[in-house]
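The values are calculated or read from the model by the stated rules, or taken from the named source; none is laboratory data. This is a predicted model, so every value here is computed, not measured. FYI the Cβ positions are ideal-geometry reconstructions off the backbone, even for glycines, and counts take in every protein chain you see. Accessible surface is based on the protein model in full, side chains and every heavy atom, while ligands, DNA and RNA are left aside. Shrake-Rupley method; radii C 1.70, N 1.55, O 1.52, S 1.80 Å.
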Amino acid sequence: MLIQYRPQGRNASEISRDVETALREGRVTPGVTLPPVRALAADLSLSPVTVAAAYRKLREKGIARGKGRAGTRITEAPPIGPRPPIVVPAGVRNLLAGSPDPALLPGLPAVTPPPRTYGDPPVSPRLGRLAAERADGIDPQHLAVVGGALDGVERVLQAWLRPGDRVAVEDPGYFPVLDLLTAMNLGAVPMAVDELGVRPDALRDALGRGCQAVLFTPRAQAPTGAAWDAGRAGELSALLAARAGVGIIEDDHAGPVSGTAAHTAAGGAQRWATIRSVSKSLGPDLRLAVLAGDAVTVSRVEGRQALGTGWVSGLLQEIVAGLWEDRATGRLLARAAAEYSRRRRDLIDALAGRGVPATGRSGLAVWVPVADEPAAVSGLLERGWAVAPGERFRTASPPGIRIGTGTLTSQEASRLAADIAGSLARRPRRGD
């Protein structure tokens, strides 16, 4: 096993700090294997106990993972900086992200909220009232406001779990969630999905493997566009009812523009949280989500929040409340949901006409199963389309590509379907 990078330091803290610095400066890359404990200890004239302690610090920070006899490796997404974006060449249509169409986002109102003082409640009374009115069957008795869906997920997991615990996640699923679990030193247990979301048999298997929490996307699932119906939500709820201690997180990140009705599997659960972000419906720069949950969970989230940021900006809360009260914004969101549904359907129908199966019941993306991801992605890139390879989203599920449809026009859908069919039909080349 060739190891080119060798950490330096005179104690455990210096060794772990050297690894972090090397990652930040690009001298070592994600996935690299670190030297064996005894070999590095001999090189640095230190005790193996010291090196083992340094590696333990790195594991606790989510920077490294122990792989048994394979040694200790840097994780694929260490929490040192943001994962580098995929660079799209000039002139290529960028369909990598499941982003909303700027033309379907409301303009931000001018608001002048009353001055906020320390000691004010963290949730604006106006926002809390409006969130309760839009609960869609979710119990709104206990609410918190967090800085977006993923911030809410992290805060809930911190409130429930400790390093080493297992979380059941969708597969394929939202890759930043996998990065987050790695950073928190939590184990991810994959659950297979179909067009209605997590399959009941997959949830049953995950619960049998000792998961302490389950993370669902009830609709607009990334990357497949899966969405629960009432029957699937009921099946999942029945399985979870027998595991009272398992925490349930529902990430309803697209909310009113998902294109399907809201359902929950958390009714009556002991530990639960439903998080509804406004980023897809009102704009990505509005880093705000409303979190509903059981009294203990919400109390812990707000208590930990109070020790850090304190609260989500009252200005942001008032902007969101103003948009929710605005009738014109309500009409725009209804139009956006219908338009996103049409764009997904245009692509799915065009692909079906060429014998290519695809899924996308809701949200801003379509998932296309493929046999060879690199060949499909490179073939489409040659034809002027940038799509996301499925390996970024998958753990154990079959390969595929994710296509963002938020801004896709009908004319583009027809051309894209033809090019997808063409790229799947070609023989892969050595350079793919």
Practice item. Having 1 or more residues that are surrounded by fewer than 21 Cβ atoms within 10 Å (Cβ to Cβ) and among the charged types (D, E, K, R) is the bar; report the strands (runs of 3 or more DSSP E) wholly within region 142-203 that clear it. Key: 166-171, 187-194
Practice item. Looking only at region 386-409, decide whether some residue is more than 26 Å from the chain's Cα centre (by Cα) and more than 24 Å from K280 (Cα to Cα). Key: no
Check your understanding: If you take the residues of region 112-140 that are hydrophobic (A, V, I, L, M, F, W, C) and part of a loop (DSSP other than H, G, I, E, B), which of them is nearest to A321 (Cα to Cα)?
Key -> V123
Review point. Regarding G231, is this residue open to solvent by 20 Å² or more (accessible area, probe 1.4 Å) and not in a helix (DSSP H, G or I)?
Key: no
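Here is a yes/no grid of residues against (1) under 25 Å from G330 (Cα atoms); (2) out of contact with any Ser or Thr (no Cβ under 6 Å at 6 or more places or on another chain); (3) β-branched (V, I, T):
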residue: A206; (1), (2), (3): no, yes, no
residue: T217; (1), (2), (3): yes, yes, yes
residue: Q221; (1), (2), (3): yes, yes, no
residue: A233; (1), (2), (3): no, yes, no
residue: R243; (1), (2), (3): no, yes, no
residue: H253; (1), (2), (3): yes, no, no
residue: V257; (1), (2), (3): yes, no, yes
residue: A261; (1), (2), (3): yes, yes, no
residue: A265; (1), (2), (3): no, no, no
Review point. If you scan region 275-291, which residues turn out to be open to solvent by less than 10 Å² (accessible area, probe 1.4 Å) and within 23 Å of V246 (Cβ to Cβ)?
Key: I275, A289, L291
Practice item. Show the residue pairs that are 6+ apart or on different chains and have beta-carbon atoms under 7 Å apart, the first residue being within region 339-366 and over 19 Å from G255 (Cβ atoms), the second being among the polar types (S, T, N, Q) and in a helix (DSSP H, G or I). Key: D346/S410; A350/S414
Exercise for review: Return a yes/no flag: does region 117-137 have any residue that is at pLDDT 95 or above, of a type in the set (S, T, N, Q) and surrounded by fewer than 17 Cβ atoms within 10 Å (Cβ to Cβ).
Suggested key: no
Exercise for review: Tell me which of these V301 doesn't satisfy, since it passes every other one: (1) over 28 Å from A365 (Cα atoms); (2) touching a Gly at 6+ places or on another chain (Cβ under 8 Å); (3) assigned to a loop (DSSP other than H, G, I, E, B).
Suggested key: (3)
Point to revise | Subset of region 240-274 (residues that are open to solvent by 10 Å² or more (accessible area, probe 1.4 Å), small (G, A, S) and not in a loop (DSSP other than H, G, I, E, B)) | key: A241
Practice item. Residues being modelled with pLDDT of 95 or more and either under 30 Å from A321 (Cβ atoms) or of a type in the set (D, E) (or both): count how many of those fall in region 68-111. Key: 7
Check your understanding: Which of the following residues is closer than 19 Å to A103 by Cα, over 24 Å from the mean Cα position of the chain (by Cα) and not acidic (D, E): A306, A334, A295?
Key -> A334
